[in-house]
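Worksheet: the structure to be examined is printed underneath.
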Amino acid sequence: MSEETPEIPGYRLLERLGHGAAGVVYLAQSTDPLGQRFAVKVFPPDAEHRVARELETLREVEAVRRETGSRDLLEVVHAGEAQGRPYVVMEHCPGGDLLSRVQRDGPLPSGEAVALMLPVLRGLELLHAHGWVHKDVKPANVLLGADGQPRLGDFGLTRSLDRGPLSSAGTPGFCAPELYRGAASESGAQLDVYSAAATLYFLLTGEAPLAGRPDVFPLERRRVPRPLQRVLVQALQVDPAQRVPGAARLRELLEAADRGEPGLGGGRRRRGPVVLGALLVLGGAAVAWAWRPAPLPPPSVPGAPGLDLRWSTDGRVSLGDGPSVSVFDAPPVAVVADPTHTRVAALARSGALAVVSLDPPRVLTRIPPPSSQPLLVSAALEGTFVARLWAPREGSPRLELYALPGGTRLASCAAQGVGEALVLVTDVRGQPWAVIGTLAGDLVVQPFDVSPAARVRSHGDSILRMWRDPAGEVLYVSGDDRELSARPTGDEVELEDGRGLSRAPQLVTRRWDLPALLEGHAQLLGEGPAD
């Protein structure tokens, strides 16, 4: 053990199991004659406020668990302080967590995945019945006990619905889309419904769903039964009001789907052949999907439409087979090109931003990560400017503007929207404007001064990518045009209220008059299939 690790009375620390900003978790053994094993979480010495709040939450959650005798929530055994370091002793789960399980063994069969989620949903039912929201349901927080059964753990973000507004803290990929826009309190327990469904999606496919866009193609490739797909589509909706209404109902639907029943109230099992193939085009890359069993491909390294960028595992990039330059210590999570395709902006998982000039590659500037770990981050390049849009775990989204090549910050303001798509445009006076494509399908035209932003409805669901022509006359917006219909027809999910929702994304690119959009006169020039 490290010298900084305190001696915990009654326990001998054996090995480190994990660590993070919230503390370090150790495997420990009691020093009494029984010698039982536990997990001990030791908090940082400078986190008094957070520790006090978490201990209060743990005390109340454990009281609920003990009162009901639930084995679906992780048991908390003891809490105390040693050498100025608060600690918590918890039940040890030797089976590890579901994230490690899938990373080691691959996606799970649908029956096994559903069986593992049912105890999690029972645990959420218990929390919700007592006015609590877990807020951080994800594979890493579902642990397998000595009996092989799942336990829902890590109550660091768990909050009471009766004690003020909920924060926007969450885990990217598994938190509900409303957290990105600071609207957690509006959906309450529906936050956990989305996260539980996202966790099940991960167990079935090995990947987290896109924010608010449940893509059925990975489910098809894994031969996930159609009734189960229908449940996931509804549970992963952007609008909390359209999701499965509560953890109890989601558990019932999953049990019905696992038995091969229609799953959604009033739904009918679709007859006839499945879709044999579909072409999905995102970010300039075409991926052919077919209805046949196939191993999941390795994770792709981000590129940029129209550019043959090649990233190595140590964060170096080259243009084709040309020379390379080191950008980060690992491949970025996103890459965008400027309209001339002579430079790219690369984003690290931390939110750090690098602008790279191509042919040959060289780093023009590096911008450090935001002040806190972002939930979602995007970037755009234009002329002598680069912009970064990010959603923090706490607070409102931020839009930042930097000058090139030095990287001096010119402006920072609250963003009026958040999403994965961002375009930077310079008007005739040389003033930069940001155009944000949001998760809700809106275009937000936002200047960097005090002028109000303008919002235009563009797509029925998420905007995935935006770009403009080099002349700055046309803005291309590619997104999901899936809408609710009055009644289901064809290959649609039938929701509990009788309406239909397309199972597969309908990707459409719309062309907007860019100068008119900046002037506040939105003019749609046309639309067609996504490209």
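The values are calculated or read from the model by the stated rules, or taken from the named source; none is laboratory data. Just so we're clear, the structure is a prediction, and the values are computed from it rather than from any experiment. Cβ atoms come from the backbone with ideal geometry, glycine included; neighbour counts cover every protein chain shown. For accessibility, only protein heavy atoms count, side chains too; no ligands or nucleic acids. Shrake-Rupley method; radii C 1.70, N 1.55, O 1.52, S 1.80 Å.
Couple of notes before you dig in:
- Pair list, Cβ < 8 Å and 6+ apart or interchain, from region 398-425 residues that are within 22 Å of Arg465 (Cα to Cα) and in a loop (DSSP other than H, G, I, E, B) to residues that are among the small types (Gly, Ala, Ser) and open to solvent by 60 Å² or more (accessible area, probe 1.4 Å): Ala415/Ser396
- Only one of the listed residues (Leu118, Leu157) is in a helix (DSSP H, G or I) and either open to solvent by 10 Å² or more (accessible area, probe 1.4 Å) or in contact with a helix residue (DSSP H, G or I) (Cβ under 6 Å, 6 or more places away or on another chain) (or both). That residue is Leu118.
- Condition met for Val344 (assigned to a strand (DSSP E or B) and open to solvent by 30 Å² or more (accessible area, probe 1.4 Å)): no
- Of the residues making up region 191-210, one or more are within 25 Å of Ser110 (Cα to Cα), modelled with pLDDT under 85 and open to solvent by 10 Å² or more (accessible area, probe 1.4 Å).
- Between Leu124, Leu108, the distinction of being touching a His at 6+ places or on another chain (Cβ under 8 Å) and either open to solvent by less than 20 Å² (accessible area, probe 1.4 Å) or not in a helix (DSSP H, G or I) (or both) belongs to Leu124 only.
- Filter result (of a type in the set (Ser, Thr, Tyr) and over 19 Å from Leu424 (Cα atoms)) within region 343-402: Ser350, Ser371, Ser372, Ser396
- Residues that are assigned to a helix (DSSP H, G or I) and open to solvent by 30 Å² or more (accessible area, probe 1.4 Å) within region 127-154 comprise His128, Ala129, Ala140, listed in sequence order.
- Scanning region 449-472 for residues that are in contact (Cβ under 8 Å) with a residue 60 or more places away in the chain and either among the acidic types (Asp, Glu) or assigned to a loop (DSSP other than H, G, I, E, B) (or both) returns Asp461, Ser462, Asp469, Pro470, Gly472.
- Those residues of region 34-84 which are among the charged types (D, E, K, R), surrounded by 13 or more Cβ atoms within 10 Å (Cβ to Cβ), under 32 Å from the mean Cα position of the chain (by Cα) and modelled with pLDDT of 85 or more, in sequence order: Lys41, Glu60, Glu62, Arg65, Arg71, Asp72, Glu75
- Number of residues in region 428-440 that are part of a loop (DSSP other than H, G, I, E, B), at pLDDT 85 or above and open to solvent by less than 40 Å² (accessible area, probe 1.4 Å): the value is 1.
- Residue list for region 366-397, filter: free of Cβ contacts under 8 Å to residues at least 60 places away in the same chain and either surrounded by fewer than 17 Cβ atoms within 10 Å (Cβ to Cβ) or in a loop (DSSP other than H, G, I, E, B) (or both): Arg366, Pro368, Pro369, Pro370, Ser371, Ser372, Gln373, Gly383, Thr384
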